[in-house]
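Shown next, in structure tokens, is the structure this report addresses.
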């Protein structure tokens, strides 16, 4: 273990510990804000885990998020709380495996459209089921979970997702994902089982998203398909990951935190124009920072120090 | 000598077009065999089927006692088959070293970390590319990308190496270096099947040639003999030259 590694680990633990102590000082509004923010950080990390290196742009985030929330709503009176999360995670995993097997052959824009369609399909299916079978559209969730409890769970999930993303990025699996993103033909000819790698990572990323939905659900008290499966969640997650840089460990965090705060401020101050401004921000990010801020800063740095980069030998 | 690579009745159809038609040949262990033929005769399609990039419509491919046809490319790669591509496939945003590490990490050697990095550098040295190790693969010249692709194929520790016009586009000096490089591989016991148009290289390297035209094998003989076969001359130059 190098000193740098120890330093990074201690910094990580210190940050998580500091965040864990936050509810002891924060106001109720502060906790609400942090729950929302952590939720998006976890979603963005989960999204980038699969879509960052493989470049399979997924708009199915809210499909899994919604499945988590709905599982929580449906089983909240039957299952004990921690078990509820486990069941939600398993359902998310099951759906991800089925969907992944069917779709990971699709490439490029077809995959994007499919994932968007998937989220809508699940929303319509749930709506149909609720209207025709149960007879009511909405559901109430009464669970004895405090806001602090939700916050800590989300923090644990985010920390776990971050740690996984870190471990994967330095492992063989991380390299396999990068190669798949670059050229699937080379990947398979080098001995990478691309179908399995893609499916595994898609499922892992989906489970994280499902758990975010399941953990956050009790905050809403009332859910209906249009809330749980709101496509904006998918778009926000995507744009947050892109802003930070989906190929970098810190990217999703650096994208999710400022954008979440910005969106909060916008929805409080410009409730009527929120969607318009949101759209403009999307377009700006895609045009100006297609590879994320981190990449932009590094490139800018390299331009100012032109001699340093090309001659440098990889150590 | 018992055949190492055995291709029998290999056929590939694309809709109504039969790109490869009932092709059979074999390659012995340690042999360098040229796969020749005019453009569009199905050579690359044959390599694509051996490496698993395309599934055969019919026929069988076996390496030693293992049946390759029907396996996916990653499984064939793990059986010890490596290849280069006619149009170079670098992984442009990875470094040159990383490009080679890919084959080490997922190939038969399963090397990772420092061991993989050292081995990758050794392979790059072998193809004369060690001085570019830290660069982005996308920044290399075309020739250097070809070298890198060969280093990647060699890093997979192949038993059978498929070269698809690897020597095309080299200048005379580079060609000599390239020929020496491939000759050097032979002494390390690798079996090579190469699609090539550079006659100088074919004469220098291949003991035997399989020649195709319009998907059908028209000759399979020691190089000099195969190249002077009337059917081959006709296929390349037309009737009056035969």
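Can you give the mean number of other chain Cβ atoms that lie within 10 Å of the Cβ atoms in peptide B:221-232?
Mean partner-chain Cβ count within 10 Å for B:221-232: 0.
In what sequence do B:209, A:72 fall when counting other Cβ within 10 Å, fewest first?
Listed from fewest to most nearby Cβ atoms, that is B:209, A:72.
What is the spin-label model distance, in nm, from residue B:122 to residue A:164 if the labels are put 7 Å beyond Cα along the C-beta direction?
3.7 nm
Test of understanding: ordering B:69, A:190, B:188 by Cβ neighbours within 10 Å, fewest first, what list do you get?
Listing B:69, A:190, B:188 from fewest to most nearby Cβ atoms yields B:188, B:69, A:190.
Please compute, for peptide B:126-135, the average count of beta-carbon atoms on other protein chains lying within 10 Å of each residue's beta-carbon.
Working: counts 0, 0, 0, 0, 1, 1, 1, 3, 7, 6.
Per residue, the number of nearby Cβ atoms from other chains is 2 on average.
Partner chain Cβ atoms within 10 Å, averaged over the residues of B:99-105 - can you pull that number for me?
Mean partner shielding for this stretch: 5.
Pop a pseudo-label 7 angstrom from the Cα along the beta-carbon direction at both residue B:64 and residue A:13 and give the gap in nm to one decimal.
Here the modelled spin labels are 4.8 nm apart.
Which translational diffusion coefficient, to the nearest whole µm²/s, is obtained for chain A from the Stokes-Einstein equation, given a Kirkwood hydrodynamic radius over C-alpha pairs, 10 °C and 1.306 mPa s?
The calculation lands on 77 µm²/s.
Would region A:26-99 count as rounded, prolate or oblate if I go by the C-alpha gyration tensor, calling it rounded below 1.5 in a/c and otherwise prolate when a/b exceeds b/c, oblate otherwise?
Taking the square roots of the gyration eigenvalues as a ≥ b ≥ c, region A:26-99 is oblate.
For region A:280-295 and region B:156-182, what is the separation of their Cα centres, given in Å?
43 Å
Please list log₁₀ I(q)/I(0) at q = 0.05, 0.06, 0.08 Å⁻¹ for the protein assembly as shown, using the Debye equation with identical point scatterers on the alpha-carbon positions.
Evaluating at q = 0.05, 0.06, 0.08 Å⁻¹ gives log10 I(q)/I(0) of -0.28, -0.40, -0.66.
Using label points projected 7 Å from each Cα along Cα→Cβ, tell me how many nm separate residue B:216 and residue A:102, to one decimal.
Spacing of the two 7 Å Cα→Cβ label points: 4.7 nm.
Comparing A:62, A:185, A:212, which has the greatest mean-square fluctuation in the GNM of chain A with Cα pairs linked when under 10 Å apart?
Of A:62, A:185, A:212, the most mobile in the Gaussian network model is A:185.
Helix B:142-155 against the longest principal axis of chain B: what's the angle in degrees, Cα atoms only, rounded to the nearest 10?
Result, in degrees: 90.
Regarding region A:172-291, what's the average projected area of the Cα-atom convex hull, expressed in nm²?
Averaged projected hull area, Cα only: 9.3 nm².
To the nearest 10 degrees, how steep is helix B:172-187 against the longest Cα principal axis of chain B, on a 0 to 90 scale?
90 degrees
For residue A:79 and residue A:297 in the same chain, what is the full-extension length gain: residue separation times 0.36 nm, less their Cα-Cα distance, in nm?
73.6 nm
Provide A:189, B:74, B:53, B:131 in ascending order of the number of other Cβ atoms located within 10 Å of each residue's Cβ, fewest first.
So the residues, fewest neighbours to most, are B:131, B:53, B:74, A:189.
With contacts defined as alpha carbon pairs under 8 Å and 6 or more residues apart, what's the relative contact order of chain A in percent?
Contact order relative to length: 31 percent.
Which FRET efficiency, nearest 0.05, do residue B:183 and residue A:196 yield, Cβ-Cβ r, R0 25 Å?
0.05
What is the gain in length, in nm to one decimal, between residue A:281 and residue A:127 on full extension, counting 0.36 nm per residue of separation less the C-alpha to C-alpha distance? If you can, show how the numbers build up before the last one.
Details: separation 154, 0.36 × 154 = 55.44 nm, distance 3.11 nm.
Extra length available between residue A:281 and residue A:127 comes to 52.3 nm.
Where a number appears in this text, it was derived from the coordinates with a stated rule and is not lab data. Please read these numbers as outputs of a predicted model, since none were measured by experiment. With ideal geometry, Cβ positions are generated from the backbone for all residues, glycine too; neighbour counts draw on all protein chains shown.
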